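The values are calculated or read from the model by the stated rules, or taken from the named source; none is laboratory data. Treat the numbers as computed from the prediction; the structure is a model and nothing was measured. Ideal geometry is used to build each Cβ from the backbone, glycine not excepted, and the neighbour counts take in all protein chains shown.
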């Protein structure tokens, strides 16, 4: 019996040692699989255009060149578009958090008798949507927001999904905090700003990341409402136009050898990769500052009954 117990103990020890090794190797492999497309895109963006057409570029550029970045960043309109994208992303994120969190707190109060009907009506908007054409007519014809900076801000100041996530998080906070504040004479506004809002940092950081990424990457709103006003172009829309122009130039260059010489250093492949890198870097810079709140916000702000 002693031998059997010793054998079981030895097998358990070997299993305990083998699992961390296997888990580490698996995570390293998963990390490489995840990072490879990103590194490969960066390598293509720094590769000479004609050489990149041959393909088979791995983790490092085969013929190093910065012409793709020079071609994009030499246009002064890029910096104006970057300012529009950055400013609207900051404003949309702040306003969305403000209005969404305020309404989420109001709808989380059990003493508010209309909280269930209002919540139901808002949830219905997530399932029933009038479509693109009525939305376009509302914004352009009724609200007259076309060709204006406000078209980026006003339609995106509130999100029903984000409201539900924040409301669920607030409902999970101890009710004793609110009750003790009311005993001390605090009103709803003071309770929200001094007690609830500071405790909601994890879920607010998560929602802020969702809103910021969506706002930064959006280009279709520019295409619909501000396509005729160059000073209101966003970075993503301008880069998309840049890619389309490069593709057209490459197609035209096939006709003559002289034209081909002008696009040797940049091709749609390298331009597309450079655009991807330029558009991704700002979010990658912001994400590490919100990462510590992200997992907590997702776990605690998940929908529950």
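List of remarks:
- For residue 92, the conditions (1) in contact (Cβ under 8 Å) with a residue 60 or more places away in the chain; (2) part of a loop (DSSP other than H, G, I, E, B) all hold with the exception of (2).
- Candidate set: the stretch 47-85, residues that are touching a residue at least 40 places away in the same chain (Cβ under 8 Å) and assigned to a loop (DSSP other than H, G, I, E, B); chosen: the one nearest to the chain's Cα centre (by Cα): 75
- Within the stretch 107-132, the residues that satisfy the criterion of being surrounded by fewer than 15 Cβ atoms within 10 Å (Cβ to Cβ) and part of a helix (DSSP H, G or I) are 116, 117, 118, 120, 121, 123, 124, 125, 126, 127, 132.
- Listed by position, the helices (runs of 4 or more DSSP H) contained in the stretch 138-251 that have at least 3 residues being surrounded by fewer than 13 Cβ atoms within 10 Å (Cβ to Cβ) are 175-183.
Matching residues to (1) surrounded by fewer than 15 Cβ atoms within 10 Å (Cβ to Cβ); (2) over 30 Å from residue 69 (Cα atoms); (3) at pLDDT below 85; (4) touching a strand residue (DSSP E or B) at 6+ places or on another chain (Cβ under 9 Å):
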residue: 13; (1), (2), (3), (4): yes, yes, yes, no
residue: 16; (1), (2), (3), (4): yes, yes, yes, no
residue: 20; (1), (2), (3), (4): yes, yes, yes, no
residue: 23; (1), (2), (3), (4): yes, yes, yes, no
residue: 27; (1), (2), (3), (4): yes, yes, no, no
residue: 40; (1), (2), (3), (4): no, no, no, no
residue: 48; (1), (2), (3), (4): no, no, yes, yes
